Every structure is written in structure tokens, then in C-alpha cells.
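Structure first, then comments.
The values are calculated or read from the model by the stated rules, or taken from the named source; none is laboratory data. Values in this document were obtained by computation on a predicted structure and should not be read as measured data. So basically every Cβ, Gly included, is an ideal-geometry build from the backbone, and we count neighbours across all protein chains shown. Accessible surface is based on the protein model in full, side chains and every heavy atom, while ligands, DNA and RNA are left aside. Shrake-Rupley method; radii C 1.70, N 1.55, O 1.52, S 1.80 Å.
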Amino acid sequence: MTRRGSHLLSMGVCAVAIAAGCRTNGASSAGSGAAAGGAETGAPPRAEPAAPAADTPPWRALNVTAPRMRLTHNFLASAADPAVSFNDNNEVAAVDPRAPRMAGKLVLPFGGLGSKAGTLGNEGAFVLPRGYHVLGIAAYEAYNVLHCDADFFGDARRQVFEGVPRTTKYEFASIKMVPSDGVAKRTQMALKYLDRMFPAEDWGYFLNQDGTVRWNDVIVTGISHGASNAPRFAMLARVWRSVSFAGPRDNSSGTTPGGNGYCPELVSATWFTEKPATPIDRFYALTGVADAQHPQHLFAMDKLGYSGQPVDMAAGPPWNDSHRINGPGGHQSPCNDPAYTALCNYLFGVDPANAAGIP
């Protein structure tokens, strides 16, 4: 029986027991978070599709049979999809089967302002030895988002995700994109490419039977510019979790008029008021109190309706079950610092069996 066929027998059991976290080959097929969406904080979205009523369960079990070692692959976006027409940069994928238990979750990290190529980042490096698949997509992040334009924040980020024209303002007046240039399509095509090239690593697990991405087993994460991409993308696709470091931002709250160098008055992104495709209790963020943007991070989390109230990292687990964590540092993604290990395990929903990483 083929690798995929050998797991068809478990499909019925997982479909019935999904709410209880059906586990096969050490991977949970259940998602995390409530099934209902979070409270809205403003006007309804502009022509947004309705969110799915529930998560889509895996149609088969995870089956990683690759050698027990860190496995990393670099490839151009066009190698996975010849239809790529813009920002044909490097993408990177990694998995480490030495983890005590494979998580059955795919992490997409996004870098800071100016990024064009895919990256593992400190976020990917942290979750990799904890059983996660990590895929750095070549997302276009080299445009200036700091305009006094409440719509542009969300429109530009949506275009980067979808590859579909959503704005013609500023740099996007001369940027031409097609769906193959967007994060969503590139994720799908990269997974197909990786599953074809490295079947023992089972990247195809994150695809549905029809070849679409099973977003509810995906974590979007990032730092700075990428920290706003994460929740913005989670507004558009029903993901397992959004985790931001030094973000989200997309507003000019907490600064004196004209004091932040780009807006003479308060500007708040209109995408904050959209109805999220992902339940709001799956959104998490860490912001440093020494970060000049800290007030703006708090403002964004409040407008989006993140769970809980801001809690100091020093409070320790479980941080009052809050999803808004204040750290002592500045503008950083600090999961490479041992002092942040417990917190990063919490933010990424790491299985306790994987908390220490690879022994």
C-alpha cells in the first residue's frame, strides 16, 4: 500500500475524534482555539468572504520517514512554480525528525521591512527542533508601509498574500503581481514541490486531497513588518495560530502629532475592523516595553481584540492565559534567548513532549 493509502484506514477515526485530538504517528490532527470567531471591533469588512464554520481535518495521518537529522532545502520560487513573474527569490524549507514528537504543524516565518527572500528566522529556528515543519516563503516586504493611509496597510499586505491587485498606491503603482507571486499560492506550490522532491519528509501532509493548503494546520509568524503580516494573513485564511514579535503595528498611536515622522495625526489600519477568518483567540504577540513602537503594538492588539490583557513576561506560565505579552526587551524576536524558551513554547503551542527541543 502506498504511503498515502496506508493511512486511509485511520481517516474515519480521526474525522470522528477530531475534537478530542485524534493522534496518529505522534501527530495531533486537531486544531487549537475556539471554533467561533472573535468579537468585531468596528465596521464590517469590505466584500470579505465568510469564514469557514470549522477546521478541516487532515485526510490522512502524518508520515515522516526521513533520516533523523536536520534537513534543509533551498530553492527559487520559480522552481516550485514556473508561473512566478515577480520577486523570484530563494525559499527555504526545513524539518528535523529527531524531535520527540512530530507536531503536524507548518510554520511560515516572515522577516522585517526590506525582506524579499524566504527566511527561517529565530522563530523557525526555535520550532524546528520541536517537531514543526518550517517553510520560508519569498514574500515581498521591500515596500514602505508607513504612509498616512489607513487602507493601504491592509490592501498592500493582502496583495502580498494573494498576489491579486488590491492597491495601486505608492510603490504598488508599478508593481505587477499574479497569484503565483502571492504567499498563498507560493505556499501551495512549495508544498507540492517539496512533497515531490522529498516525499519522506511528508510536506504533502499540509495539503488537502484536492491539492489546496490546509491552512488550519499552519502557523504564520514574523518580526516587525512580518509581525503585522502574520495577523493580516490570519484575517484572510483560517490558520492554526498567528504569532507576532515586535508587532503588530499598522497605526500611529502613542506618538505626539507628527512625532513619528510619517503621520501628523492618529492613523489606524482599516483591516483591524475586518471579520477575521481565524478565530481571534488564536492570535498571539510579544512586544518589548523598550521598543519605541510598543504603544502602537498595544493599540493594534486592543483594536483587533486579542485575548486577555497585557501581561508582563515576568509573571511566568501561564501568563494569565493572555495572548498579549510584554517583554523587557526592544524591537526583537528573542526565541533564541534561553530566557524566552518557556514563553516561546507557550506562544507557539509546543507539545510538552517537545518543550526542551532535541536532547
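Take the range 317-346 and flag every residue that is part of a loop (DSSP other than H, G, I, E, B) and of a type in the set (Asp, Glu).
Result: Asp337, single match.
Could you check the range 52-95 and list, in sequence order, the residues that are in a loop (DSSP other than H, G, I, E, B) and in contact with a Leu (Cβ under 9 Å, 6 or more places away or on another chain)?
Scanning the range 52-95 gives Trp59, Arg60, Arg70, Val84, Asp88, Asn89.
Table: residues versus (1) part of a loop (DSSP other than H, G, I, E, B); (2) buried (at least 18 other Cβ atoms within 10 Å of the Cβ); (3) basic (Lys, Arg).
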position: Val127; (1), (2), (3): no, yes, no
position: His147; (1), (2), (3): yes, no, no
position: Phe172; (1), (2), (3): no, yes, no
position: Ser180; (1), (2), (3): no, yes, no
position: Arg186; (1), (2), (3): no, yes, yes
position: Met189; (1), (2), (3): no, yes, no
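Residues of the range 129-144 being open to solvent by less than 10 Å² (accessible area, probe 1.4 Å) and assigned to a loop (DSSP other than H, G, I, E, B), which ones?
Listed by number, the residues that qualify are Gly131, Tyr132, Ile137, Ala138, Ala139, Tyr143.
Is there any pair linking a residue in the range 82-108 that is of a type in the set (S, T, N, Q) to one that is open to solvent by less than 20 Å² (accessible area, probe 1.4 Å) and assigned to a strand (DSSP E or B), with Cβ under 9 Å and at least six apart or on different chains, and which?
Close Cβ pairs satisfying both conditions: Asn90/Phe75; Asn90/Gly136.
Show the residue pairs that are 6+ apart or on different chains and have beta-carbon atoms under 7 Å apart, the first residue being within the range 334-358 and in contact (Cβ under 8 Å) with a residue 24 or more places away in the chain and at negative phi, the second being surrounded by fewer than 18 Cβ atoms within 10 Å (Cβ to Cβ) and among the small types (Gly, Ala, Ser).
Partner pairs satisfying both residue conditions: Asn336/Ala125; Asn345/Ala355.
Any residue that is closer than 30 Å to Ser307 by Cβ, assigned to a loop (DSSP other than H, G, I, E, B) and modelled with pLDDT under 95 - is there at least one of those in the range 12-23?
Checked the range 12-23: at least one residue is closer than 30 Å to Ser307 by Cβ, assigned to a loop (DSSP other than H, G, I, E, B) and modelled with pLDDT under 95.
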